[in-house]
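The values are calculated or read from the model by the stated rules, or taken from the named source; none is laboratory data. Owing to the predicted nature of the structure, the values given are computational and were not obtained by experimental measurement. Here the Cβ positions follow ideal geometry from the backbone for every residue, glycine too, while neighbour counts run over all protein chains shown.
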Amino acid sequence: GNSVTQMEGPVTLSEEAFLTINCTYTATGYPSLFWYVQYPGEGLQLLLKATKADDKGSNKGFEATYRKETTSFHLEKGSVQVSDSAVYFCALRGTRGGADGLTFGKGTHLIIQP
Amino acid sequence: DTAVSQTPKYLVTQMGNDKSIKCEQNLGHDTMYWYKQDSKKFLKIMFSYNNKELIINETVPNRFSPKSPDKAHLNLHINSLELGDSAVYFCASSQDLGGYRFFGPGTRLTVL
């Protein structure tokens, strides 16, 4: 079945540091990949997505590139801000669907200190 | 305008009680979901409804019963609440199964 593995958190960085949150996946076929962000006390929001190999999704300074050869979709940002503190979820939509059409990773809690 | 709304935002209740959480979406989506997020932020799908019909029911105690009066609403009823039911419950919707989700703000349920 489909699965998503994210790095364990919490990840604590200083403001303006470079961010990488690793995400790897297991899926049959050609899944679409997503990053969702959950700010404190809120629901999840779609941050970015990529639908085919070598696509790069980007939004709010965040980027992630769909790497089929390494089955990865790592999230990066060049200079983080305190307001980026949140929980980040990697997710995939398999071509045959997961149990609910969308499979989430366990989430990575990011803490940015001023 | 709020895309996906849930009420109440907070719910504190005693063990053994029965409670409901309401969800409404104004996006015209066909599919709605309930998720449970535990204290470690792990997100687990509970139910999916498509056009008012249940299409996915994960391993959830039958004390939990979703009800969809129409496409725009999916309510969650919980009977005989237990301590382990304490969590944040998120409603979500998407255009179709597998589409990216719009999430509600969550309902924090605390069972004492």
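Just a few scattered comments:
- Single unsatisfied condition, B:Asp18 versus (1) touching a residue at least 24 places away in the same chain (Cβ under 8 Å); (2) within 14 Å of chain A (Cβ to nearest Cβ); (3) over 19 Å from A:Gln38 (Cβ atoms); (4) acidic (Asp, Glu): (2)
- Considered as a group, the residues in the stretch A:11-41 that are modelled with pLDDT under 95 and exposed (fewer than 15 other Cβ atoms within 10 Å of the Cβ) include one that is farthest from the other protein chains (Cβ to nearest Cβ), and that residue is A:Thr26.
- Test: residue in the stretch B:2-19 that is farther than 25 Å from A:Lys106 by Cα, in a loop (DSSP other than H, G, I, E, B) and among the β-branched types (Val, Ile, Thr): yes
- If you go through the stretch B:29-41 and keep only what is more than 16 Å from B:Pro105 (Cα to Cα) and free of Cβ contacts under 8 Å to residues at least 12 places away in the same chain, you end up with just B:Lys40.
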